[in-house]
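A short worksheet on the structure shown next.
Just so you know, all these numbers are worked out from the coordinates, no wet-lab data involved. Note that this is a predicted model, so its numbers are computed, not measured. Every residue, glycine as well, gets a Cβ built from its backbone with ideal geometry; the counts of neighbours run over all protein chains shown.
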Ligand SMILES: [Zn+2]
């Protein structure tokens, strides 16, 4: 079981958490970053748990655009620690925050990140939902980006189909267990392009209300996907695990 998107640096006791998750059968996580500090923290965790963590560094698009100094330092970090880094993320376009009103100024930054993904031959992890999804898709195609992951995607069926046709990956969170919108999405994305993630420590509702978010919840996502898609649990498990390997390790 692999968590394809988690904010590991936001967990208070990472050592204890990882021990518990491994005990429960979690084989690895893709740890994403939200800013310069978070990118450093993710790489420190990667050095501590090289086999368990797949590291991504980036700037979360629901935050203010980073300063020129931060971006310059971050680019040096990318160059210096390239061997520890498996993706650029999470980056994308603001939708939920007040910064969505300033979307045009996020576009050149996202394009810069896409060009870096190309230059370093890294996949890009995108937070680009609703109206942001088709914009991000256009930019990926404009720059010929080979590997991308639309994390916790929310978009119309038509846009989801275009993302899938372009060969990009899409993930569902534990919301797939209780939210029709996510169940519909899971049925559109072929199993060969589907990932499961928690976006932890983000808290969930429904059956997960008042439960701490951890990759252990993915057992329930996989069970739900198995029922929804009419496929054996082991088949779903094997696909989502091999998709993580393919996206982040075989370019
Ligand atoms: Zn996230």
| query | When you count, for each residue, the other Cβ atoms within 10 Å and take the mean per peptide, how do 150-157, 9-16, 32-39 rank with the highest first? | reply | 32-39, 150-157, 9-16
| request: Take 177, 234 and order them by how many other Cβ atoms sit within 10 Å, fewest up front. | output: 234, 177
| message | Test of understanding: express the Cα radius of gyration of the range 1-142 as a ratio to 2.2 N^0.38 Å, with N the residue count. | response | 1.05
| field | Sum of -39500 (n - 2.57) over DSSP H runs of 4+, divided by residues of the chain (222 nm, nearest 500) | value | -14000 deg cm²/dmol
| request: Please state, as a whole number in µm²/s, the translational diffusion coefficient that the Stokes-Einstein equation yields for the range 129-251 at 4 °C and 1.567 mPa s, with Rh defined as the Kirkwood radius across alpha carbon pairs. | output: 88
| query | For the peptides 238-244, 117-123, what is the packing order when you average, over each peptide's residues, the other Cβ atoms within 10 Å and list the highest mean first? | reply | 238-244, 117-123
| If eta is 0.890 mPa s and T is 25 °C, what Stokes-Einstein diffusion coefficient results for the range 2-249, Kirkwood Rh from Cα pairs, in µm²/s? | 136
